[in-house]
Amino acid sequence: MASLTQHSVGAYSLIRSKKSFININAFSATPNTQCKRLFGSDDGSCGIAPMPAPPSVLELAKDFYRAINSKDINQLEPLLADDCQYQDLVFYVPFEGKKEGVIPFFAKMMDAMGPNVHFVIDNATEGAKLTASVIWHLEWKDKVVPFATGCTFFEYEEFEGRLLLRKATGMAEMPFKPGEIILKFLSRRLHSSISTQWQQRVSFTNTVNQVLHFTALLKSHATEPHEGLGSFLDNLLGKH
């Protein structure tokens with residue numbers, strides 16, 4: 001084999017179904033042509049076991065819910081980046097940091113769910129740039145829980161050869177359905193006393209500013225994400 005590699009100036013490989021081989025043609029300085037055929041395994045690795053493919057973001061998103069359903073926080077922790085953020089849209093501010101915010105939140109969630117409540121994935125889709133989206137619902141003892149459907153958007157990042165969850169944004173169905181009330185309110189608001197385009201712009205701008213101011217107050221009085229509204233109302237009513 002040493003003489004073969006010493007005089008070789010070209011090589012090519014042929015891959016055939018079921019059985020693969022590497023055909024090495026060596027053209028030496030002499031008229032004689034040497035030909036060696038190296039057989040390997042069916043996967044073309046020549047006896048070298050191929051490296052396992054890393055899990056996809058879709059599989060990692062499913063592992064996220066498997067960990068929650070197992071009620072084992074130790075299964076969830078390795079899936080998260082240290083600076084992971086979980087934004088649940090039913091809270092005013094996100095949970096930030098794996099150890100500081102995300103893990104404590106899901107530990108409380110697992111405890112609240114108990115042994116009989118589980119997430120069931122209805123649909124999961126992998127997106128671009130290491131993202132995935134999951135639509136889910138809750139079941140209790142294999143029975144669908146009403147008004148308990150939601151979706152979560154996952155964003156992953158590569159860190160030292162591993163894919164870790166950087167951010168997840170979740171939205172859950174609410175038992176109270178304010179859709180009709182909001183539409184009626186907006187309709188009356190727009191058609192009541194607004195007559196000109198300029199007045200519409202002023203009214204809209206004032207409304208947005210009021211909402212932003214209210215949201216900022218909620219966040220400023222929150223020591224934890226779920227305490228924003230309570231702290232704000234206590235402060236507003238003078239209860240310290």
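The values are calculated or read from the model by the stated rules, or taken from the named source; none is laboratory data. Predicted, not measured: the structure shown is a model, and the values here were computed from it. Cβ: placed from backbone, ideal geometry, glycine included. Neighbour counts: every protein chain shown.
Please report, ordered by residue number, the strands (runs of 3 or more DSSP E) entirely within segment 98-175 with at least 2 residues that are assigned by TED's automatic domain parsing to the domain that holds GLN85, in contact (Cβ under 8 Å) with a residue 60 or more places away in the chain and closer than 14 Å to LEU80 by Cβ.
143-159, 162-172
Being touching a strand residue (DSSP E or B) at 6+ places or on another chain (Cβ under 6 Å) and of a type in the set (Asp, Glu) is the filter; apply it to segment 65-112 and report the residue that is farthest from CYS151 (Cα to Cα).
GLU96
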